[in-house]
Amino acid sequence: MKKGVFYEFTFPEFKDERGALVPLEFDSTLPFVPKRVYFLYSTPEGMVRGSHSHFIEEEIFICIMGSCTAIIDYDGTGKKEILLDSPQKAIYVGKNVWHEFQNFTSDAILLCLSSVHYMPGEQNYELDYEKFKTLY
């Protein structure tokens, strides 16, 4: 399997006396034009979300409120932790990248931009981390 692509990036932020604004320009700041947007919220303490990789889908994750920890493995050599604690911080999770999320604060809202419409089942997901590691 081809090594997955993963990177962290920061969106611009504009502040004035009215507050703050973080723009997402679909045609210039994102690596794909999103086909689906979803968000996670009210995640119970201790809950882990995600825990899979995709064969087809690419995603961008932004914790727009509160914080959570992303756990990423993009080459089968081990997991890396990234704290998502600002609406300016984002991670790009390409195909073949293991990703899971944990340590959600009680007010956390994790926004996801997806490159595809929802694809249930085995055609898009590897759910077993040990099997994921053997694909490299």
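Can you confirm whether segment 107-125 contains a residue that is among the charged types (D, E, K, R) and touching a His at 6+ places or on another chain (Cβ under 8 Å)?
Here is the first cut: in segment 107-125, the ones among the charged types (D, E, K, R) are 107, 122.
Those still in the list that are touching a His at 6+ places or on another chain (Cβ under 8 Å) too: none.
No, segment 107-125 contains no residue that is among the charged types (D, E, K, R) and touching a His at 6+ places or on another chain (Cβ under 8 Å).
Across segment 89-116, which residue is surrounded by the most Cβ atoms within 10 Å (Cβ to Cβ) among those that are more than 20 Å from residue 5 (Cα to Cα) and not β-branched (Val, Ile, Thr)?
104
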**Q.** Single match in 89, 79 (criterion: within 30 Å of residue 20 (Cβ to Cβ) and of a type in the set (Lys, Arg))
**A.** 89
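I'd like the residue in segment 127-136 that is part of a loop (DSSP other than H, G, I, E, B) and either at pLDDT 90 or above or on the phi > 0 side of the Ramachandran plot (or both) and, out of all such residues, is surrounded by the most Cβ atoms within 10 Å (Cβ to Cβ). Spell out how you get there, then give the answer.
The first filter runs over segment 127-136 and keeps only residues part of a loop (DSSP other than H, G, I, E, B), leaving 127-128, 135-136.
From what's left, either at pLDDT 90 or above or on the phi > 0 side of the Ramachandran plot (or both): 127-128.
Numbers: 127: 10, 128: 12.
Per the criteria, the residue is 128.
The values are calculated or read from the model by the stated rules, or taken from the named source; none is laboratory data. Please read all numbers here as calculations on a predicted model, not as lab measurements. When we count neighbours, we look across all protein chains shown, and the Cβ atoms used for this are built from the backbone with ideal geometry, even at glycine.
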